[in-house]
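Below is one structure, written out as structure tokens, with a few remarks after it.
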Amino acid sequence: VSIGDDYALQVGERDSIGALLEITVYSTAATNGTVQDSDVIQQLTLASDCNWNLFILDSFGSHTLVQYENDAQGVVSPIVEAVFLHQIVYQPQNTDTSLALESLTTSSYNFGSSDLSDLIS
């Protein structure tokens with residue numbers, strides 16, 4: 001894993017990560033298959049038991065939690081993929097009437113207000 005890359009921490013055949021998770025970061029010199037003590041860049045122990053709540057963007061040493069998954073919540077991530085469909089229907093009283101849309105804003109509980117006026121063509 002290079003600096004700035006995301007990586008997935010898989011639990012394997014277990015159902016969950018243990019209460020104490022030890023992570024060791026090695027330098028690229030360790031990629032030759034033989035790990036030396038001098039290759040260790042960082043060691044950290046993450047207490048992941050129920051006494052400590054995890055939050056997205058929590059940092060542990062040089063690691064930042066960007067996503068997790070559990071049975072109760074599914075995938076929890078600050079990255080939200082959303083598709084919004086807007087339909088504007090206007091039925092003029094007479095056929096000589098024209099309509100020009102000059103601005104468009106939207107508001108939602110989760111995403112707040114957005115000005116979409118620059119998307120009008």
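Throughout, read-outs are computed from the coordinates displayed, never taken from laboratory work. Just so it is clear, the structure is predicted and the values come from calculations on it, not from any experiment. Positions of Cβ are backbone-derived with ideal geometry, glycine not excepted, and every protein chain shown enters the neighbour counts.
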Quick one: length gained pulling SER108 to LEU57 fully straight, 0.36 nm per residue minus the C-alpha distance? 16.0 nm
Can you pull out the chymotrypsin sites (Phe, Trp or Tyr not before Pro) in the stretch 36-65 whose DSSP state is coil and whose Cβ has at most 14 other Cβ atoms within 10 Å? TRP52, PHE55
